[in-house]
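A short write-up of the structure that comes next.
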Ligand SMILES: [Zn+2]
Ligand SMILES: [Zn+2]
């Protein structure tokens, strides 16, 4: 399995349209067309390919939480091809556990605090329940992966 450093030099050659910058976490910045990566010993290169997948798929800002979940699913689909190409080990477990994180997050945000029905998202920060008419606001996403889409242009 290639190290992150050797992978970065290959990716820079193969994808000159993107910048690759060292950072404390992996993230894709659509406004900067930059893939941020961490190269600590325990960093898994699969997450570098995951951010690259977001870039290649042209993922940017989103209005509804469900779009983010869809983007994540598409990105992981693309990672499967990239992993084969760059000989990076990928397990179905890592994909499923990452997608589960987003599904759980979406579920907890969209569940009505009063009646537990699934609400609909009316704008970026609020949901509404069709069953009991309750409206509720949601916080900025807490999981780090979500912040990547909030970088201002
Ligand atoms: Zn992602
Ligand atoms: Zn309700």
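Each reported figure results from applying straightforward, stated rules to the coordinates on display, with no laboratory input. Predicted model, so just to flag it, every value in this text is computed and none were measured. Cβ atoms come from the backbone with ideal geometry, glycine included; neighbour counts cover every protein chain shown.
From least to most packed, judged by other beta carbons within 10 angstrom and beginning with the fewest, 136, 28 follow the order 136, 28. In the chain, helices alone account for a calculated mean residue ellipticity at 222 nm of -14000 deg cm²/dmol, with every DSSP H run of four or more residues adding -39,500 (n - 2.57).
Computed from Cα atoms, the angle from the helix 45-56 axis to the main principal axis of the chain rounds to 70 degrees. For the chain, the longest principal axis of the C-alpha atoms and the axis of helix 4-14 are separated by about 90°. Working value for the stretch 4-150: equivalent-ellipsoid semi-axes of 33, 15, 12 Å, each the square root of 5 times a Cα gyration tensor eigenvalue, largest first. Rounded to the nearest 5, what is the percent of antiparallel bridges among the DSSP beta bridges in the chain? Around 70 percent antiparallel, to the nearest 5.
Going by a ≥ b ≥ c, the root eigenvalues of the Cα gyration tensor, does the stretch 1-46 fall in the rounded group (a/c under 1.5), the prolate group (a/b larger than b/c) or the oblate group? It is oblate, given that a/c is not under 1.5 and a/b is not larger than b/c. Nearest 10 degrees is fine. How inclined is helix 65-86 to the longest principal axis of the chain, computing both from alpha carbons? It is inclined by approximately 20 degrees. Classify the stretch 46-94 as rounded, prolate or oblate, taking a ≥ b ≥ c as the square roots of the eigenvalues of its Cα gyration tensor: rounded when a/c is under 1.5, otherwise prolate if a/b is larger than b/c and oblate if not. It is prolate, given that a/c is not under 1.5 and a/b is the larger ratio.
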